[in-house]
Every structure is written in structure tokens, then in C-alpha cells.
Amino acid sequence: DAKTTQPTSMDCAEGRAANLPCNHSTISGNEYVYWYRQIHSQGPQYIIHGLKNNETNEMASLIITEDRKSSTLILPHATLRDTAVYYCIVRVTSNFGNEKLTFGTGTRLTIIP
Amino acid sequence: ETGVTQSPTHLIKTRGQQVTLRCSSQSGHNTVSWYQQALGQGPQFIFQYYREEENGRGNFPPRFSGLQFPNYSSELNVNALELDDSALYLCASSVRGRTDTQYFGPGTRLTVL
């Protein structure tokens, strides 16, 4: 799996959009970008994933650059409950499994009241 | 639809003892992956089970073993506990051959004294 680079920490004001960047310059053509978050001492929560097109769901939007070397997770209206560690992961998905997740140290996002 | 559940929530053992942790996968999911998360670190892949067989293993010694049952639930067994085994143990379930997105349980906090 390709390695990712994320800022160690970020702050965002409550109600504003939180934009979390991730660099994955060695990503392969068949590797997806996944985002998870982990609120203190809980299990990681799946947020969103994408291959090359931008994606949006009820939680967030994922913007992937055209060369796929970086991406940004956007939380459109951050609330205090969005305070968590956010992990950007790239991995292959296939019908043949064994697709482990390789977590880095993530970005600690703090939402400021 | 029930999510991934794990038991027990917390556990305290002494060095040299053995421990069994349990995981019930999300309804309809046929694959279970186990991860270890030490304090301040991201989760590390231990192994994955599919069709009751181990299907991929991370850099963990043989004293870490597992089982998957016909109902897709799973156990993680750790023998000869060491102090460094103190961690949050996470299981994640997914569907092989479809989205393959892994959904995590709340974890079991193991403390080895």
C-alpha cells in the first residue's frame, strides 16, 4: 500500500468547513483513498472513499486531484463532535480480499467553539 | 442492521496469562480483520479471517491466533501475554467481493500487568 502524509494537527472553528489534506504521491492506479476517523478510545469510523472522482456522502466530501497524488477531506459544517483523529489510507480493493488497512498517525482535528 | 460488537469492553490480565477476545461481525459481513492499537499509535493489522481460514497476517508472532465461526463471528487469542500486549484490540468486518469497506467495532481495552 502507498504511504500517506498528513499534518499532525489542525484546528477549525465550529460551523466552518474543515479541510484535511493528504499526500499520497506514490499511489498506484488500482489504489483507493479511504478516510476514517477515531474519536478518543473508540473504534475507527468509516467516512468516505474514492478512486479518482470526487465523492460526497452525508458525512463529508472527498476531493482527489487529477494526478491522484493528493486529496482533501471536507467536513462542510464542523461541529464539536467532529473533534477526532482523521486517517487517510490508500489501499487496493478487489474481490479477492486480504486488503488490510495500513494506518499512519493521522491528523488530530480540534474543533474550536 | 446491527453493527460490529466486541466483548469484553475492558480486560486486565497478568504477564504470562492467555486471553480470548470476541467479535460479532455486522449482519451480512463474511470477513473479519483484527487490529492492535497501542496508546498514541494508529491501528496495526494482525490478521484477517474469511471462510473460517486465516487470509493474511501482519507482523505478529504465532502466539496471536484466531478463529472464525460459521456465523462469521471471530475470536482473537493471545498466549503468554507480555506487557507490550497492552493495547486496544479492534475488529472490523467487511464483505468480500463487494465494497470491501471495513467497519470497526468499539474495541476491547486489554491491560497486562
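Read the figures in this text as sums done on the coordinates, not as results from a lab. Every value quoted in this text rests on a predicted model; they were computed, and no experiment measured them. Ideal geometry is used to build each Cβ from the backbone, glycine not excepted, and the neighbour counts take in all protein chains shown.
Of note:
- Two-site FRET efficiency, residue B:67 against residue B:39, from Cβ-Cβ distance with R₀ of 25 Å, rounded to 0.05: 0.40
- By the beta-carbon count within 10 Å of each Cβ, the least crowded to most crowded order of A:41, B:86, fewest first, is A:41, B:86.
- Averaged over the residues of B:42-53, the number of partner chain Cβ atoms lying within 10 Å of the residue Cβ comes to 3.
- Dipole magnitude for chain B: computed about the Cα centre from +1 point charges on Lys and Arg Cβ and -1 point charges on Asp and Glu Cβ, it is near 80 debye.
- Peptide B:54-63 has a mean of 1 when you count, residue by residue, the C-beta atoms of other protein chains within 10 Å of its C-beta.
- For peptide B:83-90, the mean count of partner chain Cβ atoms within 10 Å of a residue's Cβ comes to 1.
- With an a/c value of 1.5 or above and a/b larger than b/c for the gyration tensor axes a ≥ b ≥ c computed over the alpha-carbon atoms, region B:1-108 is described as prolate.
- Computed label-point distance, nm, for sites residue B:13 and residue B:59 using a 7 Å Cα→Cβ extension: 2.3
- Length-normalised contact order of chain A in % [C-alpha pairs under 8 Å, at least 6 apart]: 36
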